[in-house]
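What follows is calculated from the coordinates using simple rules that are stated; it is not laboratory data. Values in this document were obtained by computation on a predicted structure and should not be read as measured data. A quick note on method: Cβ atoms are made from the backbone with ideal geometry, for glycine too, and the neighbour counts reach across all protein chains shown.
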Amino acid sequence: MTADVVALLRELVAVDSANPSLVPGAAGERAIAGYVERWARDNGLSARIVAPDPARPSVVVRGGGGEADAPCCSAATSTPSGTAR
């Protein structure tokens, strides 16, 4: 499982998702939202992109289908710009 998590993390950080309001011309979150949506569906979850602001999409991912309480995860998909490592 650790190798799977590391592989996923590598794929996520490889997607250019710099915030265009901070970096003119930056890619924004569209590509990473698409990646997260595809990953979720490929792993048996339901997923949809919601974008009240088309330039700043989010992804809603749901698992299961019952009424029971379920864990929730929220994450930012934009990344800072710059050379800090």
note = A correct Stokes-Einstein calculation for the stretch 2-62, using the alpha-carbon Kirkwood radius, 4 °C and 1.567 mPa s, returns a whole-number D in µm² s⁻¹ of 105
request  = Mind listing the long-range amide H neighbours of residue 17? Cut-off is under 5 Å, sequence gap 5 or more, other chains count too, H placed in the peptide plane at 1.01 Å from N.
outcome  = 79
ask   = For the charge dipole of the stretch 2-62, defined by +1 on Lys and Arg C-beta atoms and -1 on Asp and Glu C-beta atoms about the Cα centroid, which residue among 57, 15, 26 has the Cα displaced farthest towards the positive pole?
value = 57
query = Full extension from residue 27 to residue 43: what is 0.36 nm times the residue separation minus their Cα-Cα distance, to one decimal in nm?
reply = 3.2 nm
